[in-house]
Amino acid sequence: MEYKNGENRIYVVNDEGVEVGEVTFVPTGEDMFIIDHTGVDDSARGQGIAQELVKRAVEKAKSEGKKIIPLCPFAKSEFSKKPEYQEVQAAK
């Protein structure tokens, strides 16, 4: 699996070069973005890909000094489970 940065998204391709998952975000002002979708193809589920995609979005926010609003249900769930993500979560 290879994770790549795209236009307002981070995505993953399998060893055959087929895209199998993505997390998408919407820039909101200068210092924030909204995670609005996390999805993984059925063929690639159960491998921790969605968790890794959200983790990479969090790392992106940290490196850019931005905050995240996790609107997508999966991302929201990950933020509630991982206290280390709180530092980049926008005020509720």
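Points to keep in mind about this one:
- Annotation: per residue accessible area for the chain equals 59 Å², rounded to a whole number [probe 1.4 Å, protein chains only].
- Note on the chain: with neighbouring protein chains present and a 1.4 Å probe, carbon and sulfur make up 46 percent of its accessible heavy-atom surface.
- The stretch 1-36: GluC sites (Glu not before Pro) in DSSP coil with no more than 15 other Cβ atoms inside 10 Å: Glu7, Glu16, Glu30
- Helix axis angle, 49-64 relative to the chain longest principal axis, alpha carbon, degrees: 40 degrees
- Under the combined filter of DSSP loop state and at most 13 neighbouring Cβ atoms within 10 Å, the stretch 33-87 retains these trypsin sites (Lys or Arg not before Pro): Arg45.
- CD proxy at 222 nm, helix term only [per DSSP H run n ≥ 4: -39500 (n - 2.57); per residue of the chain; nearest 500]: -8500 deg cm²/dmol
- Rounded to 5, the percent of DSSP beta bridges in the chain classed as antiparallel: 75 percent
- Our Cα-only numbers for the stretch 1-63 put the radius of gyration and Dmax at 11.7, 37 Å.
The values are calculated or read from the model by the stated rules, or taken from the named source; none is laboratory data. Being a predicted model, the structure only gives us computed values, none of them experimental. Here Cβ is always computed from backbone atoms with ideal geometry, including for glycine, and neighbour counts include all displayed protein chains. For accessibility, only protein heavy atoms count, side chains too; no ligands or nucleic acids. Shrake-Rupley method; radii C 1.70, N 1.55, O 1.52, S 1.80 Å.
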